[in-house]
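Have a look at the structure below before the remarks.
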Amino acid sequence: MRILYLLFAVVLLLFQTAPGSADPLFADTAECRSQGNFCRAGTCPPTFAVSGSCHGGLLKCCAK
């Protein structure tokens, strides 16, 4: 009977999706990342400038 619990756990791990592999929920985040930029909660680093928003306006899209 214990083997069933182990098999159940293995099956759940096999069918889990990898983080980031799902379709993005926000179009602005997908657009930011497709241009090679990244999203940040605070201000952008000194050598980067804000080029838009991410996650529905909650984050900033930072570009070189």
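Restricting attention to the stretch 11-21, does a residue exist that is assigned to a loop (DSSP other than H, G, I, E, B), open to solvent by 90 Å² or more (accessible area, probe 1.4 Å), of a type in the set (Val, Ile, Thr) and modelled with pLDDT of 90 or more? Quick ask: steps written out before the conclusion?
Just the residues of the stretch 11-21 that are assigned to a loop (DSSP other than H, G, I, E, B), to begin with: 15-21.
Checking the rest, the ones that are also open to solvent by 90 Å² or more (accessible area, probe 1.4 Å) come to 15-17, 19.
Cutting the leftovers down to of a type in the set (Val, Ile, Thr) gives us 17.
Add one more test, that the residue is modelled with pLDDT of 90 or more, and what stays is none.
There is no residue in the stretch 11-21 that is assigned to a loop (DSSP other than H, G, I, E, B), open to solvent by 90 Å² or more (accessible area, probe 1.4 Å), of a type in the set (Val, Ile, Thr) and modelled with pLDDT of 90 or more.
Do you know which residues across the stretch 34-64 are of a type in the set (S, T, N, Q) and either touching a His at 6+ places or on another chain (Cβ under 7 Å) or without any contact (Cβ under 8 Å) to a residue 24 or more places away in the chain (or both)?
Within the stretch 34-64, Ser34, Thr43, Thr47, Ser51 qualify.
The values are calculated or read from the model by the stated rules, or taken from the named source; none is laboratory data. These numbers come from a predicted model, not from an experiment. Glycine gets a Cβ as well: all are built from the backbone with ideal geometry, and neighbour counts include every protein chain shown. Remember, those area values only see protein heavy atoms, side chains included, never the ligands or the DNA or RNA. Shrake-Rupley method; radii C 1.70, N 1.55, O 1.52, S 1.80 Å.
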